[in-house]
Amino acid sequence: MSHMDLAAGAICKRRAGGRVVTVAVEGFKFLAPVELGDEVVIYADIVKIGRSSITTKVCTYTRHGCTGAETKVCEATYVFVHIGSDKRPKPLPAK
């Protein structure tokens, strides 16, 4: 879960051009186990932009070391808020 939060936070920080904090994790689903020796791959996409919030969909896959076959193992929606130096919500810059 923490690695998924880091992946989502990285794309949100780039979009916000500054500091973001996690405010919610919704619909976290464990779909399959991670096997010993599998490579873990995390994909995060922005799905919604608010005034100061960014919602991301994060999916984690395992990649089998020998075949390269990917299997989705979990997914969740993360919500971040852009904050200023005063740690209060700050409007996102226009893009």
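The values are calculated or read from the model by the stated rules, or taken from the named source; none is laboratory data. Just so it is clear, the structure is predicted and the values come from calculations on it, not from any experiment. No Cβ is skipped: glycine too gets one built from the backbone with ideal geometry, and neighbour counts run over all protein chains shown. Side chains are part of the model used for accessible areas, which takes the heavy atoms of the whole protein and leaves out ligands, DNA and RNA. Shrake-Rupley method; radii C 1.70, N 1.55, O 1.52, S 1.80 Å.
Could you tell me which of the residues Val47, Val34, Val21 is in contact with a helix residue (DSSP H, G or I) (Cβ under 9 Å, 6 or more places away or on another chain) and either β-branched (Val, Ile, Thr) or surrounded by 14 or more Cβ atoms within 10 Å (Cβ to Cβ) (or both)?
None of the others qualify; the one that does is Val21.
Restricting attention to region 37-74, which residues are closer than 16 Å to Ala10 by Cβ and either charged (D, E, K, R) or without any contact (Cβ under 8 Å) to a residue 24 or more places away in the chain (or both)?
Listed by number, the residues that qualify are Asp45, Lys57, Cys59.
Suppose we filter region 1-48 for residues that are among the aromatic types (Phe, Trp, Tyr) and within 23 Å of Thr67 (Cα to Cα); how many remain?
Summing the residues that are among the aromatic types (Phe, Trp, Tyr) and within 23 Å of Thr67 (Cα to Cα) in region 1-48 gives 2.
Of the conditions (1) at pLDDT below 95; (2) within 10 Å of the chain's Cα centre (by Cα), Cys66 clears all except one; give me its number.
(2)
Can you report the number of residues in region 55-79 which are among the small types (Gly, Ala, Ser), out of contact with any Gly (no Cβ under 7 Å at 6 or more places or on another chain) and open to solvent by 40 Å² or more (accessible area, probe 1.4 Å)?
1
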